[in-house]
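What follows is a set of notes on a single structure, which appears directly below.
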Amino acid sequence: MDIFILLLLYVQLILGLLTIPVSLMHLDGGNMLLLMQWARNVVTFDPAEAVAAIGSMGFLFKLHIFLGLTVFLVFPFSRLVHIWSTPVTYPARAYQVVRQR
């Protein structure tokens, strides 16, 4: 699962970098407004409008969104869940005794 997550994150990074030249061709901000509308519809649980919002987006953007949501899907089944564990008791822990054999 660790290797799968790493590959997924690398592919996600590469796709995100590949969308930069595509975004530079649309300096009017139209794509960003569509993505903003998609995010708003996802947060307000309106899937039909969310799909309609990104219907005219390019394939790279759709694949980038899909893989981003896939990261959230596999998050609980990987070591990424350790992000949420905070070492609250770490300063008060007992010393570890390490001996040589």
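The values are calculated or read from the model by the stated rules, or taken from the named source; none is laboratory data. None of the values given here were measured: they were computed from a predicted structure. Glycine also receives a Cβ, built like all others from the backbone with ideal geometry; neighbour counts cover every protein chain displayed.
Quick look at the numbers
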item: Options 24, 13: the member that is at pLDDT 95 or above and of a type outside the set (Lys, Arg); result: 13
item: Unmet requirement for residue 1, which otherwise passes all of (1) surrounded by fewer than 11 Cβ atoms within 10 Å (Cβ to Cβ); (2) over 16 Å from the mean Cα position of the chain (by Cα); (3) free of Cβ contacts under 8 Å to residues at least 60 places away in the same chain; result: (3)
item: Test result for residue 41, of a type in the set (S, T, N, Q) and farther than 30 Å from residue 81 by Cβ; result: no
